[in-house]
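Undergrad: Dumping the structure here so I can ask a few things about it.
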Amino acid sequence: MPAIAALVLADGQSSPANHTFSPGTIENGRVMWEDRSIEVPAGRPSITAEVRRAGTGGLQVNQTKGGFNLPTLNDTGNENPNAVLRNSSGSIVLNLHPQSTLQERKDLLAYMTNWLALAVVKTAVNDTESWY
């Protein structure tokens, strides 16, 4: 079982900078980290993770989930300074059959990781362009 510790992830800037996500809450097996360099708590980017075993809550598979939330604060100094203007978010769900082999789980993780790194996927996300 991995211990909860700070996570360091690079952002998507042209010169990527590392951001530290500090451990936050652990509740019912769901872990949350947040970037505490942002002073306003509502504006802190966060990451969640959860592992659920088959048979829990009627699950037929072992499930690993990851979630990402990136709020944008109002910094224009208008009526609601530091109010959240919008959130961008994403989630990853891996459904792993209880009888899957270690190699099958490694392959699934590698395929998903490598797919996210493909230029066509980056174009789909960055430019909101669909495939044709």
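The values are calculated or read from the model by the stated rules, or taken from the named source; none is laboratory data. Every value quoted in this text rests on a predicted model; they were computed, and no experiment measured them. Backbone-built Cβ (ideal geometry, glycine too); neighbour counts: all protein chains shown.
Undergrad: Failed condition for ILE38, given (1) in contact with a strand residue (DSSP E or B) (Cβ under 7 Å, 6 or more places away or on another chain); (2) surrounded by 15 or more Cβ atoms within 10 Å (Cβ to Cβ), with all others met?
TA: Failing condition for ILE38: (1).
Undergrad: Please enumerate the residues belonging to region 57-94 that are of a type outside the set (A, V, I, L, M) and either assigned by TED's automatic domain parsing to the domain that holds VAL121 or not in a strand (DSSP E or B) (or both). Can you show your working first?
TA: First, pick out the residues of region 57-94 that are of a type outside the set (A, V, I, L, M): 57-58, 60, 62-69, 71-72, 74-82, 86-91.
Of everything in region 57-94, those that are of a type outside the set (A, V, I, L, M) and either assigned by TED's automatic domain parsing to the domain that holds VAL121 or not in a strand (DSSP E or B) (or both) turn out to be GLY57, GLY58, GLN60, ASN74, ASP75, THR76, GLY77, ASN78, GLU79, ASN80, PRO81, ASN82.
Undergrad: Restricted to region 74-110, and to residues that are at pLDDT below 95 and polar (S, T, N, Q), which residue is farthest from the chain's Cα centre (by Cα)?
TA: This residue is ASN78.
Undergrad: Quick one: is ALA54 surrounded by 11 or more Cβ atoms within 10 Å (Cβ to Cβ), touching a helix residue (DSSP H, G or I) at 6+ places or on another chain (Cβ under 9 Å) and either in contact (Cβ under 8 Å) with a residue 60 or more places away in the chain or small (Gly, Ala, Ser) (or both)?
TA: no
Undergrad: Filter region 57-79 for residues that are out of contact with any strand residue (DSSP E or B) (no Cβ under 7 Å at 6 or more places or on another chain) and either surrounded by 11 or more Cβ atoms within 10 Å (Cβ to Cβ) or of a type in the set (D, E, K, R) (or both) and give the result.
TA: Going through region 57-79, the residues out of contact with any strand residue (DSSP E or B) (no Cβ under 7 Å at 6 or more places or on another chain) turn out to be 57-58, 60, 75-79.
Within region 57-79, ASP75, GLU79 qualify.
Undergrad: Can you find, within region 24-36, the residue that is nearest to LEU70 (Cα to Cα) among those that are at pLDDT below 95 and not aliphatic (A, V, I, L, M)?
TA: Here the residue is GLY24.
Undergrad: Looking at region 103-127, I want the residues that are assigned to a helix (DSSP H, G or I) and have a partner that is acidic (Asp, Glu) with Cβ atoms under 7 Å, at least 6 apart or on another chain. Which pairs are those?
TA: THR123/GLU129
Undergrad: A follow-up question, please. Checking the structure you have, find out if any residue of region 78-95 is more than 26 Å from ARG36 (Cα to Cα) and not acidic (Asp, Glu). Steps first, please.
TA: As a first pass, look at region 78-95 and keep what is more than 26 Å from ARG36 (Cα to Cα): 94-95.
Among the residues that remain, those that are also not acidic (Asp, Glu) are: 94-95.
Yes, there is a match, as at least one residue in region 78-95 is more than 26 Å from ARG36 (Cα to Cα) and not acidic (Asp, Glu).
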